[in-house]
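Here the structure is laid out as structure tokens; the discussion comes afterwards.
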Amino acid sequence: MEVKKNEPYDILFTFMADFGFQQTQRTVQVQSQKMSQRQIYSLNLLSMNSQDLRNEIFAAVDKNPALEIVKDPFSGVSSVKEKTSLSSDYVHFGKVSASGQEKSDSFQEVLESRPDERESLQEHLLSQLNVSKVTEDQYELSKKLIENLNSSGFHTLAPHSLLDKNNPKHTTELLNFCLDLVQNFDPIGTCCTDIQESLFIQAKDRLDVTDTSLFLLDGHFDFLSPPRENSILKRIHDFVQERKKLVFADSASSAKKTDYHPENFTLEDVKKALAFIKTLEPQPARQFNSVSSAYVVPDVYVTKIPLDTDLRDSSDDVVSGNGHCTFKIRVADNMIPSVAVSSEYIRAAESSQLSGKTEDKKFINSSVKAANVFIEDLEFRNKTIVRACAAIVRFQLDFFEKGPQFLSPLRQKDIAEEIKVHEATVSRMANSKFIQCEWGLFPIKYFFSNAVGAANSAKKSEAENEHGGSVTGAVSKESVKYEIEKIVNSQPAGAKKLSDQKIVEQLEKIGIKIARRTVAKYRSQLNIESSYSR
């Protein structure tokens, strides 16, 4: 019997016969970079906004006994970490049956699913404003102040930013009148900057208020930390002595400070003041529905300052304008607690009494070291944010000086090259953070905008002459959207609505050349309907 050869396999084996299987050893040098755990944690802190960072600080304080909170803007009187314990007389342990657990879960579900039908703070204040005898300007500004309140009844944006600069009637006197009006609505103490101002307004409205209470709440709120009578009285006496040393103090300000006569306060006065302050409401808006009070908190403040203002020399947080002003950049600290290493742990680490207790000394040293590392990471976060935002201000000077329509194209890569960090670091810095400036509250990522082409040089020159030099080369996407909204809103009431092609032609007249489909896309993003629907 003849067996046929499998020709394809024969060819394969013949081809592989020239190759031998053997092991070889080679040395290869590869360079790679791995991030340490500390670097990863530092970048995580950098990506957090103010609220997340606040929660992270409290978590770190709870975890590390060597780390303590020195000052908390929201804590009022209490300023350091405290550990509380419940008396065993009030703690009871027991087991629940299956049926009892089922009933408890059912009752809890009913409570959680029930909507909050309480009146909101804004609704309650507006109902009082509607029956108040005020002028139209007073009504409109008071309404803005009410709509600017957060769930605690405090300002979200600075009240001065609500003034209409184009309205000559919007003066500081009008703002003060409206603030006083809303602050004395029920509940008294809303429409304030912070807890201290709220408590002071509540105290002034009470007939049983004492001079000592008003003195402590009127600029001397820090005397209440810690809230011990002897400590408070000592601080008052120290304040009086320091004031006497101010030989060159202004007479008007000195007279204002002596209205309460703190030199005559006694320990009994301080006790009565403490008891009175405890009867005030630190959050007068807590009884109202706060579901509709969603708001964001600024993470960075950019403040315009006149050139003649005396500023400390710093290349990171001061940016010079175009010859008209200077911009001050600072990280918001109205939500972030101040932390420090516990003095007790520092003394314990330096003490020689723990020389024989190896485990105790090791724990104390590691806790102090971890606390110092955490504080350094916080400083790194703040410096990086300030440097990056200062670079943004330098690139966007026209925006911060003239307004949102002057936003220039900017990439995250440009900021990264400017402050010499990786582009991913800039992205983390800008994540979920907001800048508060003269023109309002903006996400940091708002300032990173793609470039949009401009018209030819002749039309650009005409547009620059017509608009005061506002159009120079390529413009940002946000600037184009601003111009589209401006063109649509500037049409007379009875005029024919402009189509997208007509808007393209209007934009080209001011030096901006974009396609009709781009106008349609930006118009849709601005929630502006088509000419047919308008």
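The values are calculated or read from the model by the stated rules, or taken from the named source; none is laboratory data. Since this is a predicted model, take the numbers as computed values, not measurements. A quick note on method: Cβ atoms are made from the backbone with ideal geometry, for glycine too, and the neighbour counts reach across all protein chains shown. These accessible areas exclude ligands, DNA and RNA; they are computed on the full protein's heavy atoms, side chains included. Shrake-Rupley method; radii C 1.70, N 1.55, O 1.52, S 1.80 Å.
Here are a few things to note about the model shown:
- Using the alpha carbons alone, the radius of gyration of the stretch 130-212 stands to its Kirkwood radius in an Rg to Rh ratio of 1.00.
- Rounded to whole Hz, the Karplus (6.51, -1.76, 1.60) HN-Hα couplings of the stretch 324-329, x for glycine and proline: 10, 7, 10, 10, 9, 10
- Relative pair counts by distance (%), Cα atoms of the stretch 340-420, 10 Å bins: 16, 27, 17, 14, 15, 9, 3
- Segment Glu485-Asn431, length gained on full extension (0.36 nm per residue, minus Cα span): 16.7 nm
- Where the stretch 404-446 is the region considered: accessible area per residue in Å², 1.4 Å probe: 47
- Under 5 Å between amide hydrogens, built in the peptide plane, is the criterion, and for Leu441 it picks out nothing among residues at least 5 positions away or on other chains.
- Using the Karplus relation 6.51 cos²θ - 1.76 cosθ + 1.60 with θ = phi - 60°, the per-residue 3J(HN,Hα) values for the stretch 140-153 come to 5, 5, 5, 5, 4, 4, 5, 6, 8, 8, 8, 5, 8, x Hz, with x marking Gly and Pro.
- Sequence-distant residues sharing a close amide H with Ala340 (under 5 Å, placed H): Glu68, Val70
- Label-point separation, Glu242 to Lys304 (7 Å along Cα→Cβ), nm: 3.5
- Cut-off under 5 Å, modelled amide H: who pairs with Thr326 long-range: Ile305, Leu307, Gly321
- Ranked by how many other beta carbons lie within 10 Å on average, peptides 518-528, 146-156, 385-395 from highest: 385-395, 146-156, 518-528
- Spin-label pair Arg26-Lys502: with each label point 7 Å from Cα along the Cα-Cβ axis, the two points sit 7.1 nm from one another.
- The stretch 361-378 - phi-based ³J(HN,Hα) in whole Hz, Karplus 6.51/-1.76/1.60, Gly and Pro as x: 5, 5, 5, 5, 5, 5, 5, 5, 5, 5, 5, 5, 5, 5, 5, 5, 5, 5
- Contact order, relative form, for the stretch 331-439: 20 percent (alpha carbon pairs under 8 Å, 6 or more residues apart, mean separation divided by residue count).
- If the chain linking Ala275 and Ser343 were pulled fully straight, counting 0.36 nm for each residue of separation and taking away their Cα-Cα distance, it would gain 21.4 nm.
- If the segment from Asp52 to Ser531 were pulled out straight at 0.36 nm per residue, it would be longer than the present Cα-Cα gap by 168.1 nm.
- Computed over neighbours whose Cβ is under 15 Å from that of Ala416, the net charge equals +3, Lys and Arg +1, Asp and Glu -1.
- Rg over Rh, two decimals, the stretch 181-246 (C-alpha only, Kirkwood Rh): 1.05
- Overall dimensions of the stretch 381-444, expressed as equivalent-ellipsoid semi-axes from the Cα gyration tensor (√(5λ), whole Å, largest first), are 20, 13, 10.
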